[in-house]
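Got a structure for you, questions after.
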Amino acid sequence: AFVVNTGCSSSGVALHLACESLRRGEISLALAGGVFAVMGQAILVGLAQTDMLSHSGRCRSFDAQADGMVMSEGVGMVALKRLGQALADGDAIYGVIRGSGINQDGASNGITAPSGVAQQQLITEVYRRYRIDPERISYVETHGTGTRLGDPVEANALAGAFRQFTGKVGYCAVGSAKSHIGHTAGNAGVTGLIS
């Protein structure tokens, strides 16, 4: 057991690391997830001072009216097995993770200005490595925090990655659980997977 602390990507990175251990045969079962609780006002004050919190009190991911994120608390956990083993064991299967990946975007302007280049490179690399055809994807659960800077960067990175595989447009929806439940910070990755 170990703790992963990579900020808002913590549970997503934990999921990736669990998948990698399963792929390499190091383990036969993994429990991966995350938890986030606001234990004091310092985080909210800091986010308010950087003007990252929604003034309207609503998270509007990928919306022209987006004015920031809404913090939320959450906990989520998933049990992961290799597909063949889950089928052999008669487990209930709620989804299949065909591929995963992580990267680090190097120097940036901080959490308010993500690197679109790094995001596009990662998406493209994962699709190539795991032979994922973006034309067969009908929905992408995104980070989508409802910020005016971050959401367009994420949408453009996703579109740029898709364009490397297909010229088809208008067939894949994007969304974010944050529009419904808010941003669960270190728990956001597993929350997106579960939703």
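The values are calculated or read from the model by the stated rules, or taken from the named source; none is laboratory data. This one's a predicted model, so the numbers in the text were calculated from it and none came from an experiment. Backbone-built Cβ (ideal geometry, glycine too); neighbour counts: all protein chains shown. Heads up: the accessible areas ignore ligands, DNA and RNA and are worked out on the full protein's heavy atoms, side chains in. Shrake-Rupley method; radii C 1.70, N 1.55, O 1.52, S 1.80 Å.
Which of the residues that make up region 44-75 are over 13 Å from His183 (Cα atoms) and touching a strand residue (DSSP E or B) at 6+ places or on another chain (Cβ under 8 Å)?
Looking only at region 44-75, we keep the residues that are over 13 Å from His183 (Cα atoms), and these are 45-46, 48-51, 55-56, 62-67.
Passing the criteria: only Phe62.
Exactly one condition in (1) more than 21 Å from Ser195 (Cβ to Cβ); (2) surrounded by fewer than 14 Cβ atoms within 10 Å (Cβ to Cβ) is not met by Tyr139; state its number.
(1)
For residues that are surrounded by 13 or more Cβ atoms within 10 Å (Cβ to Cβ) and at pLDDT below 95, scanning just region 5-31, find the one that is nearest to Val70 (Cα to Cα).
By that ranking, first place goes to Cys8.
Let me ask you something else. I'd like the residue in region 86-107 that is β-branched (Val, Ile, Thr) and closer than 19 Å to Arg131 by Cα and, out of all such residues, is least open to solvent (accessible area, probe 1.4 Å).
Ile97
Kindly evaluate Ala48 against the criterion of being open to solvent by 70 Å² or more (accessible area, probe 1.4 Å), over 30 Å from Glu26 (Cβ atoms) and either at pLDDT below 95 or not in a helix (DSSP H, G or I) (or both).
So Ala48 does not fit the description; no.
Right, another one. Of (1) in contact with a strand residue (DSSP E or B) (Cβ under 8 Å, 6 or more places away or on another chain); (2) in contact (Cβ under 8 Å) with a residue 12 or more places away in the chain; (3) not charged (D, E, K, R), Ser28 satisfies all except one. Which?
(1)
Among the residues of region 122-179, count how many are in a helix (DSSP H, G or I) and either touching a residue at least 40 places away in the same chain (Cβ under 8 Å) or not aromatic (Phe, Trp, Tyr) (or both).
Adding up the residues that qualify gives 25.
Cβ contacts < 8 Å: first residue over 22 Å from Val13 (Cα atoms) and assigned to a helix (DSSP H, G or I), restricted to region 70-94; second residue of a type in the set (S, T, N, Q) and open to solvent by 40 Å² or more (accessible area, probe 1.4 Å), any location; separation 6+ or different chain. Result?
Gln85/Ser28
Give the residue, chosen from Gly34, Gly40, Gly76, that is open to solvent by less than 70 Å² (accessible area, probe 1.4 Å), under 24 Å from Gly110 (Cβ atoms), modelled with pLDDT of 95 or more and not polar (S, T, N, Q).
It is Gly34.
Which of the residues spanning region 51-62 are surrounded by 14 or more Cβ atoms within 10 Å (Cβ to Cβ) and either modelled with pLDDT of 95 or more or part of a loop (DSSP other than H, G, I, E, B) (or both)?
If the condition is that a residue be surrounded by 14 or more Cβ atoms within 10 Å (Cβ to Cβ) and either modelled with pLDDT of 95 or more or part of a loop (DSSP other than H, G, I, E, B) (or both), then Met52, Ser54, Arg58, Cys59, Arg60, Ser61, Phe62 are the ones that fit.
Oh, and also: Here is a check on your reading of the model: is Arg82 over 26 Å from Asn103 (Cα atoms) and surrounded by 14 or more Cβ atoms within 10 Å (Cβ to Cβ)?
The answer is no for Arg82.
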